[in-house]
Structures are given as structure tokens and as C-alpha cells.
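Worksheet: one structure, shown below.
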Amino acid sequence: MKIFLVDDSRTVAVVMVPRLTTLGHDVSVFTNGQLAYDKFCVSPPDLILMDIEMPIMNGYEATRKIRAFEAAQQWPWTPVIFLTGSDTSENMVLAIDAGGDDFLPKNLSEGVLRAKMKALVRIVEMRGKLQQAEKLATIGRLAAGVAHEINTPIGYVYSNLGALEKYVQATFSMLDLYEQTESAISDAGVHEKLHEARDKLDIAYLKEDMRALIDESRTGIVRVKTIVQNLKDFSHVDNLDDWCCTDLHRELENTLNIIDNDLTVKAEVVREYGELPEVECLPAQLNQVFMSLLENAAYAIETRGTITIRTGQQGEEVWVEIGDTGVGIPVENLKRIFDPFFTTKPIGKGAGLGLSLSYGIIQKHHGRIEVQSIVGKGTTLRVSLPAKQPL
């Protein structure tokens, strides 16, 4: 977890930083609230440990500014825990009023600090899950609203294109008849005018191009309908929390359609689908897992490579493998990739929650995720799930 420790006391930093880093957290130290606020606006942490009395800007002021900035930018809430040597009721009231979430005494024992940090990690993890669920719900609501508003005018256009095609075909048939009777016209002047007009209009080209324009317009309309439907199918807005039996291949295709542009610029996507039964699951949550694995696979490819999606069944389980020809994962990181907040991406490119949330979702489905990786050759992640959930 990325933590800001905001305290002007060198003693506090000397004591707290080693304790927090030993627990696996990444700690940045700031000696006053202004420095912490400035950094927060550029790259917010997962948690802030805030002293009260500091030069330039105290903890209350810094917290108020952070909360105002979050509201203005519509950023997610970041927990602010006040560090104090005097946990008086007055301090607690002022801290909560400023936007703080809790208090920690500075002389906290190692055991209590460890327990507190575990609890805070769970809170931040839950925040990530709630944000992701809200994103899916928002996508679903947006898609449903767009579908409702756009389907009627699209229906008009699609129907009119069909009528227009018939009218154009009838007009072309009439032109064909005129062309067949052209030789029967005895008036040389009329014959010459018809010949000039035909050459000027390039009737042969018009026939070919008008048919192509109608076909392209129809394809575009179908594509718009498909995009809206893909958004609805991906988010499963109508049954976000309902277990149901679904076709995993369809869910994979829904996810691929959503992130197609991000994948195709980096890789060729190869499908090696086996025979699968329908799987009892929460489709929206599995789509979240598939999206996370596919996005990570694309990110791992530095220039151009291949992402291979394989599926199959083994006994009562089904499996989905997503492999890439990217840079691979060093051995020392393999055991940490499912840890909350662990990421090798640069600041601003990832919070380190994608695989952690995916791991939790698969556990909820009584499944497992396994990883194999060779540095310089690529990584394969396999998701195994029971076809039917245990009673």
C-alpha cells in the first residue's frame, strides 16, 4: 500500500518508516501539510498518516484541502488517519470535522500497529471493490440509457436504408430499360444528349458506388447497435449480483469487444477455444477478471506480440488461460502479484488492485488462479472454476 507519512518530527519518521516498510508498504515522508497536499494533487496515495501540529500547514488544514480537491476532481476518498501524542476529545472532534477518519497514537506498539494496518488494508481493498462495482453499474446504466434512446432512431435509419435500397434498385432497373431502348431513338440530337449525359454522370460508377454506400451505412448502423449491446452484456446491469449459468466464450468476446482498440495496437489476439459447458457464475464479475488479465497481458508486451486465449474442461472444472509474449515476471515478484497494491507499473498507470480483486472474485467462485512466467518470453495465467457452484 502506498502511504504518505506527514510529520515534521524526524523521530517519528525514523520509528514509523521501518515498521511500515517491514509490513510491505511504500512510504513517502513529508514534513508539512503543504508538501503532502502538493504531492497528493499529482499522485494520491492509498492512505495518509497525518500529524496535527506542523509548520507552514497543519494537519487539519491539509486534510480540508485534500477533501476539497477530491470533491472538485471527483476523486475517490483517501483515508486520512491522524497521528497524535495527545488524543484529547477536542483534537478528535477537530480531526473528524476536518475530514479525518481515525486516530493513531504515535507511541503505538508494534503489534497494535500491525493489526491496525491490516484493518486499513482491508478498508482500502473494499474501497477498490466498491469503486469497480460502481464502474460496472455505471457502464451498465449508461449503456441501458443509450440503448433506450438510440435504438428508436437507429431503427428508423435501418428501416429507411432498406426502403432506399429498394428504390435505388428500381431506379437502376428503369435506367437499364432506358439504355436498352436508346438505340431505337431516331432523333440524332436526342441520342447525342443522352450519350453525353450518361458519360457525364458515369452511370456505371454510380450504380456500383450507391450500392456500396448503402451497404457501408447499414454496416455502420449495425456496428453502433453492437457496441451498445456489448456494453450492456459486459456489465450485466440487469443482474449484477445474480448467479446464473452463462457461456464463458460469449463473456470473453464481450470483454474483447470492449477493449479491442487497446489490445490490437499491441498484439494479435489468438483464440483457441475448447468445448465448454455453461458455467454458474456472476458474469459481470468474471468479465472484470477477464478485462484485468487481458489489459495486463497487453501492458506486458513492449512493442508487438501475441495474446493467446485458451479454454477447456477438466473433470468438473472449466479453465480459461490468457497468455502473452511479453516481458515476463521476475521470480521474486511471482508470489506478490496477487497482493493488494503490488504493481510494477509507473505511478499513475495502476493502483495494484486489478489482480488482487481478480483473485478475490475467483475465490468467491470457489476457483483459483495460477501463473506461469518466464522472463523475456511471457506469462500465462489460468483461471479454473467449477462448472457448478457447490451447494
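Take the Cβ atoms of residue 110 and residue 280, set R0 to 51 Å, and the FRET efficiency comes out at 0.70. The angle between the Cα long axis of helix 203-235 and the longest principal axis of the Cα atoms of the chain comes to about 30 degrees, rounded to the nearest 10.
Is any residue of the stretch 291-321 close enough, with backbone N under 12 Å, to a label point placed 7 angstrom from the Cα of residue 268 along the Cα-Cβ axis, and if so, which? 305-308, by backbone N distance to the label point. For the chain, the antiparallel share of DSSP beta bridges with both residues in that region comes to about 55%.
Using DSSP loop states and a limit of at most 13 other Cβ atoms within 10 Å to flag chymotrypsin sites (Phe, Trp or Tyr not before Pro), what is the longest stretch of the chain containing no flagged site? It would help to have the intermediate numbers written out before the result.
Details: sites that count: 77, 243.
Between the exposed loop sites, the longest stretch runs 78-242.
In terms of other Cβ atoms within 10 Å, 321, 278, 216 run from fewest to most in the order 216, 278, 321. Between residue 11 and residue 158, the distance separating the two model label sites (each 7 Å from Cα on the Cα→Cβ line) works out to 7.4 nm.
So, R0 is 30 Å and r is the distance between the beta-carbons of residue 123 and residue 331; what FRET efficiency does that work out to, to 0.05?
Numbers: r = 31 Å, r/R0 = 1.05.
Calculated transfer efficiency: 0.45.
Binning all Cα-Cα separations of the chain at 20 Å, short to long from zero, yields these whole-percent fractions: 21, 39, 25, 10, 4, 0. Under the simplified labelling scheme, the residue 74-residue 317 pair shows an inter-label distance of 4.2 nm, with each label point 7 Å from Cα along Cα→Cβ. The simple Förster model, with R0 at 45 Å and r as the Cβ-Cβ distance, assigns residue 150 and residue 176 a FRET efficiency of 0.75.
Calculated over the stretch 1-72, the projected area of the Cα convex hull averaged across directions stands at 4.4 nm². A simple spin-label model places pseudo-atoms 7 Å from Cα toward Cβ; at residue 226 and residue 89 they are separated by 6.7 nm. Under the criterion of Cα pairs below 8 Å and six or more residues apart, the relative contact order for the chain equals 11 percent.
Kindly identify the stretch 247-297 as rounded, prolate or oblate by the Cα gyration tensor criterion: order the square roots of the eigenvalues as a ≥ b ≥ c, call it rounded if a/c is under 1.5, otherwise compare a/b with b/c, prolate if a/b is larger, else oblate. Note, shape of the stretch 247-297 comes out oblate. The residues neighbouring residue 175, those whose beta-carbon lies less than 12 Å from its own, together hold a net charge of -1 under the Lys/Arg +1, Asp/Glu -1 convention.
Each Lys or Arg adds one and each Asp or Glu subtracts one; over the other residues with Cβ under 13 Å from the Cβ of residue 20, this totals +1.
Taken together, the values in this text are just the output of simple stated rules run on the coordinates, not laboratory data. Keep in mind that this is a model prediction, so the values were computed, not measured. Note that each Cβ is placed from the backbone with ideal geometry, even for glycine, and that neighbours are counted across all protein chains shown.
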